[in-house]
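Notes follow once the structure below has been shown.
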Amino acid sequence: MQLVVHMNLEKPLSLPINYNHILQAVIYRALSIMPDYSQFLHGSGFARGQRQYKIFQFSQLAGKYQIHDRKIIFDTEASFEVRSPEPLLIRLLGESIWSNGVTFGDKNYRDIQLELYDYTVEEQRLRIRMKSPMTVYSTDSYLNRCHYFSPDEVEFYGQLNNNFRRKYQAYYGVNPYSGIQVRLSGEHLPKKFVTNYKNSYITAWYGTYELSGERKYLDFLYQAGLGSKNSQGFGMFEVL
């Protein structure tokens, strides 16, 4: 399911350029109307071994803005989208925002419009464009360092498939019987995105891709996100 939140801003909304962690906190705060559920997501989430998946994703903020002193400032309006295969999560989020508005720090915005959708993928081959950048990586435990893969590396696409398999099994409790295939659409390397998330740098990529696999697997990825760190604001795509 998909929830789009439109905010009419009585006062300008000023955020650091690297604001993903702030928007994530907004979502968790809204979900706290059901404390046990919010704590479950924020804590363990859906686990597979040592890996944990929150099974929701959110977009970048949209709206007219200006950049000043490493701040992004939305003057009159801003919107964002949250998706999840978990109907309870989307329902709680919508009810909370409708009742309490959206709170960024000490600012609460109550002039809100909500759009709720239940779009499902019905095809086995898609052309997609990233609404928020996607990322995949591997960790060197000896050096305690992450390597973020690039779309010009073969491993990038293998890691996307591996991530899908783990995430699907964590949520549904069964392994998918086939994988997904992703390939870059076009000859040029897509736009690179680097952000600082809680003092760690993350490298991610926008761009247009061809995505194929079983319909239900593609639908799961549309709701849950493609690649890693979905609940940190990565991996949301639109179908072209």
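The values are calculated or read from the model by the stated rules, or taken from the named source; none is laboratory data. The shown structure was predicted, so the numbers you read here are calculated from the model rather than taken from an experiment. Every residue, glycine as well, gets a Cβ built from its backbone with ideal geometry; the counts of neighbours run over all protein chains shown. All accessible areas refer to the heavy atoms of the entire protein, side chains included, with ligands and DNA or RNA removed. Shrake-Rupley method; radii C 1.70, N 1.55, O 1.52, S 1.80 Å.
So is Leu116 open to solvent by less than 60 Å² (accessible area, probe 1.4 Å), among the hydrophobic types (A, V, I, L, M, F, W, C) and either at pLDDT 95 or above or under 19 Å from Tyr28 (Cα atoms) (or both) or not?
Answer is no for this residue.
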>> If I filter region 15-47 down to residues being touching a strand residue (DSSP E or B) at 6+ places or on another chain (Cβ under 8 Å), assigned to a helix (DSSP H, G or I) and open to solvent by 50 Å² or more (accessible area, probe 1.4 Å), which single residue comes out as nearest to Phe193 (Cα to Cα)?
In response: His21
>> Take the residues in region 119-145 that are in contact with a helix residue (DSSP H, G or I) (Cβ under 8 Å, 6 or more places away or on another chain), open to solvent by less than 40 Å² (accessible area, probe 1.4 Å) and assigned to a loop (DSSP other than H, G, I, E, B); name whichever of them is farthest from Gln57 (Cα to Cα).
In response: Val121
> Across region 69-101, what is the total count of residues that are assigned to a strand (DSSP E or B), over 16 Å from Leu9 (Cβ atoms) and either basic (Lys, Arg) or without any contact (Cβ under 8 Å) to a residue 12 or more places away in the chain (or both)?
Replying inline: 1
> Does Leu226 meet the test of being over 17 Å from the mean Cα position of the chain (by Cα), assigned to a loop (DSSP other than H, G, I, E, B) and touching a residue at least 24 places away in the same chain (Cβ under 8 Å)?
Replying inline: no
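Restricting the search to region 102-113, which residues are closer than 12 Å to Ile27 by Cα and either at pLDDT below 95 or exposed (fewer than 14 other Cβ atoms within 10 Å of the Cβ) (or both)?
Across region 102-113, the qualifying residues are Thr103, Phe104.
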>> With surrounded by fewer than 19 Cβ atoms within 10 Å (Cβ to Cβ), more than 18 Å from the chain's Cα centre (by Cα), under 26 Å from Asp219 (Cα atoms) and free of Cβ contacts under 8 Å to residues at least 24 places away in the same chain as the only criterion, which of Gln50, Gln66 stands out?
In response: Gln50
